[in-house]
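The values are calculated or read from the model by the stated rules, or taken from the named source; none is laboratory data. Note that the structure is predicted; figures quoted are calculated from it, not measured. Positions of Cβ are generated from backbone atoms using ideal geometry, with glycine treated the same way; all protein chains shown enter the neighbour counts. Heavy atoms of the whole protein, side chains included, go into the accessibility calculation; ligands, DNA and RNA do not. Shrake-Rupley method; radii C 1.70, N 1.55, O 1.52, S 1.80 Å.
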Amino acid sequence: MKYNRFLILLLFAIGFISCNNPKKQGGVPRVGFIEAFEDATIGDARKGFIEALAASGFSEQNKTVEIIAKNAQGDMGAMNQIVSYMQSEEVDCIGTSTTMSTLATVQRIKNIPIFMCVTAMPQILGLINEKKKGPDNLFGVGEDLNYIDTSFAIIQQVVKPKKG
């Protein structure tokens, strides 16, 4: 269900914003994707994001979208440069993977839709305003961190310490 909402919002944003960007090559939407660091899970999130685009007809292979993917390698200075780069390239929307990249992007970009994944919920990040609403340009699926408590409960049931 959350995946479907995410996909619908992503497609709406690409369609809505892709109308007149002079930097586009061949008139196709330009989508940025910002990763905070290298990790197998993070790589899977990027692949899923790109597959969701392809499932809706946006494919680099078919030249129906241009994807600009950057990875900050855990460096906040590099992260800020990447966010500035995406802004200067006037991408139509930005996907972010992990809390670090989502926060860096949301703090600096207000006029480009941002689609978060592998990120804590906006209320956990302190992004909710006095009207109990997150940033207008932030979409996607967040994590409420309940999995941490669940994981520890399961670990205690499954893993037993060795008796010495």
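A few points about this structure:
- Counting only protein heavy atoms and using a 1.4 Å probe, the accessible area of Lys160 comes to about 140 Å².
- Overall Cα dimensions of the range 36-140 - principal axes, largest extent first, Å: 44, 28, 28
- At a probe radius of 1.4 angstrom, the accessible area of the range 40-133 per residue rounds to 50 square angstrom.
- For Ala69, residues with placed amide H under 5 Å, excluding near neighbours: Phe33
- Candidates per GluC sites (Glu not before Pro) in the range 40-78, loop by DSSP, up to 14 other Cβ within 10 Å: Glu60
- Cα-projected label distance for Glu89 with Lys47, points at 7 Å along beta-carbon direction, nm: 2.2
- In Å², nearest 10: area of Met76 left accessible to a 1.4 Å probe: 80
- At the listed q of 0.15, 0.17, 0.27 Å⁻¹, the Debye profile of the range 63-124, built from one uniform point per Cα, gives log10 I(q)/I(0) equal to -0.42, -0.54, -1.31.
- Computed FRET value (nearest 0.05) for Lys132 with Lys163, which takes r as the C-beta separation and R₀ as 41 Å: 0.20
- Dividing the mean sequence gap of close Cα pairs (under 8 Å, 6+ apart) by how many residues the range 82-162 holds gives a relative contact order of 25 percent.
- Count, lysine Cα pairs under 23 Å in the range 48-164, 8 or more residues apart or across chains: 4
- Separation in nanometres of the label points that stand 7 Å from Cα toward Cβ, at Ala69 and Asp39: 1.7
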